[in-house]
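The structure that follows is given in the form of structure tokens.
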Amino acid sequence: MTISAWIMRRQDGEVKALVHRHRKLNIWLQPGGHIEHTENPWQALAHELREETGYELSQLRVLQALPAVEGCIHDVMHPAPVAVNTHSPYPGHFHSDLVMAMITDEDPVGEPGPGESRELAWMSPDEFAALDGAEHDAVQIMTMIARNVVGAWSEVPATAFTLDDAPEPLTETVQNPESVGETPALQDANLRRPRTDKSGSDGGAEPSATSSTDDGVNESSQPQ
């Protein structure tokens, strides 16, 4: 899973986007990168933008079509992406990308980090489309954002969305501990705990060694 952002800017009477030449793929794209297993999507985007462009979230506004959900106590709410796509950057590998739309009127406070591409440019949709090495579908997404999203969607300060982890777990245990690799002691404790059926009586059945999700996929076979 990856996350990326089209950072837009009104410049010289046009809407332009910040693009860079990807140092591995050697094509022009929006900044972004992988979501590591230790971070959530918003945390990933914050550090990718800092490393690849020098922008801090405090300099950016997120373009949003709908008001943010408020009042959640278990969930950390992230801004909604403008698009989600799956693509194959090279044979045998694919990414599912959360595409964010953002806007700014500032220059970045920093510079790209060590090892990052130094080829960055602000381009209009027409300039990007004419650029040798611009990825075709990236042109389509950038053009849509410039023409249909900027000026139409609300501009929400990026700092309105927290970089914190989820505040508290939904539950202290899981019904099927074996499928998520809990310790034997916790497995034993869960298996000994009486289960109550809908009528309130204790049920004697132990949890199955495997369980299925609502879509019928066996959870024990899913990659961890």
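Bear in mind these aren't lab numbers, they're just calculated from the coordinates by the rules spelled out. Because the structure is predicted, anything quoted here is derived from the model rather than measured. In this analysis, Cβ positions are derived from the backbone assuming ideal geometry, glycine residues included, and neighbour counts consider all displayed protein chains.
Ratio of Rg to Rh for segment 1-111, alpha carbon only, Kirkwood?
Ratio of gyration radius to Kirkwood radius: 0.97.
To the nearest 20 Debye, how big is the dipole of segment 2-160 about its Cα centre, given +1 on the beta carbon of each Lys and Arg and -1 on that of each Asp and Glu?
180 debye
Rounded to the nearest 5, what % of the DSSP beta bridges within segment 1-118 are antiparallel ones?
So the antiparallel bridges in segment 1-118 amount to around 70 percent.
Oh, and also: Farthest toward the dipole's positive end in segment 2-160, which of ALA44, GLN59, GLY151, given Cβ charges of +1 (Lys, Arg) and -1 (Asp, Glu) about the Cα centre?
GLY151
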